[in-house]
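See below for the structure under consideration.
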Amino acid sequence: MLNKKLQDALNAQINAELYSAYLYLAMEAYFQSLNLKGFANWMCVQSGEETGHAMKIYHYIIERGGRVTLDAIDKPPAEWKSPLAVFEAGYKHEQKVTALINDLVELACKEKDHASVIFLQWFVTEQVEEEANAAEIVGKLSMLKDIPQAVYLLDKELGQRTKGEE
Ligand SMILES: [Fe+2]
Ligand SMILES: [Fe+2]
């Protein structure tokens, strides 16, 4: 059985992951409004991943005999000043999520909940990927920002991202 402190923290993480899904969906809508279908596709896949993260925790809480409680999801922004600004915001957001995951691991260790420590390892690894993905696109957009065709070319590349990664 999960202890109350850890259950509360895991429920809060479900909310954080659902906020991530909502944030990336808002980013998708922003790119759709610019007719950047490839960027929008990347965000659509990312948003789906985040829902998957929330559901992983959801099922884990239930498997451990705990109780899932859902809270209100904060309103994400609707506008950014450029594609680069979107990915900078995404990168910053993922750094915040990484800190939340690290706090969860520390709590699980403190509460001597070994099953949760193991469960959370997947998220630790996933956050390395999430930060690297966002940082890579920030890097490309920063490097290419003086080339007018860059956004068009990157849109083609990001259009290739498919569902199925975590
Ligand atoms: Fe996530
Ligand atoms: Fe991922």
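The values are calculated or read from the model by the stated rules, or taken from the named source; none is laboratory data. It should be emphasised that the depicted structure is a prediction, and the values quoted were computed from it without experimental measurement. We place every Cβ from the backbone using ideal geometry, glycine too, and count neighbours over all the protein chains shown. These accessible areas exclude ligands, DNA and RNA; they are computed on the full protein's heavy atoms, side chains included. Shrake-Rupley method; radii C 1.70, N 1.55, O 1.52, S 1.80 Å.
Loop-only check: which GluC sites (Glu not before Pro) in the range 1-82 are DSSP coil with at most 10 other Cβ within 10 angstrom?
The qualifying sites are GLU79.
Counting only other residues whose beta carbon sits under 11 Å from that of ALA21, what net charge do I get with K and R as +1, D and E as -1?
-4
Using alpha carbons only, how many angstrom separate the centre of the range 21-90 from the centre of the range 97-165?
12
With a cut-off of 8 Å between alpha carbons and a minimum separation of six or more residues, what is the relative contact order of the range 20-143 in percent?
RCO, the range 20-143: 24 percent.
Among the aspartates and glutamates, which fall within straight-line cross-link reach of LYS75, defined as a Cα-Cα distance under 20 Å, with same-chain neighbours fewer than 8 residues apart omitted?
GLU17, GLU28, GLU49, GLU50, GLU88, GLU94
Put +1 on the Cβ of every Lys and Arg and -1 on every Asp and Glu Cβ in the chain; which of SER116, PHE39, ALA12 then has its Cα farthest towards the positive end of the dipole?
Final value for the positive-end residue is ALA12.
Would you mind calculating the gained length between ASN102 and ILE73 on full extension (0.36 nm times residue separation, minus the Cα-Cα distance), in nm to one decimal?
Extra length available between ASN102 and ILE73 comes to 8.3 nm.
Which Cα, out of TRP80, ALA29, HIS93, lies furthest along the positive dipole direction of the range 1-112 (beta carbon charges, K/R +1, D/E -1)?
HIS93
Compute the accessible area per residue over the chain, keeping the other protein chains in place, probe 1.4 Å, unit Å².
55
With a 1.4 Å probe and every protein chain left in place, tell me how much accessible area LYS56 has, in Å² to the nearest 10.
70
Within the range 55-123, what whole-number % of the accessible surface is contributed by carbon and sulfur, with the 1.4 Å probe and all protein chains included in the calculation?
57
Of LYS5/LYS81; LYS110/LYS163; LYS37/LYS96; LYS56/LYS145, which pairs sit farther than 32 Å apart, going by alpha carbon to alpha carbon?
LYS5/LYS81; LYS110/LYS163; LYS56/LYS145
Over the range 127-166, with every protein chain in place, what whole percent of the accessible area is carbon and sulfur at 1.4 Å, could you tell me?
59
Assign unit charges at the C-beta atoms only (+1 for Lys and Arg, -1 for Asp and Glu), then state the dipole size of the range 1-72 relative to its Cα centre in Debye, rounded to the nearest 20.
The dipole of the range 1-72 has a size of about 200 debye.
Would you mind telling me the share, in percent, of accessible area of the range 1-45 contributed by carbon and sulfur at probe 1.4 angstrom?
Carbon plus sulfur share of accessible area: 61 percent.
Under the classification rounded if a/c is under 1.5, otherwise prolate if a/b is larger than b/c and oblate if not, where does the range 26-73 fall, given a ≥ b ≥ c as square roots of the Cα gyration tensor eigenvalues?
Oblate.
About the Cα centre of the chain, what is the dipole size in debye to 20, counting +1 per Lys and Arg Cβ and -1 per Asp and Glu Cβ, all else neutral?
Magnitude of the dipole: close to 220 debye.
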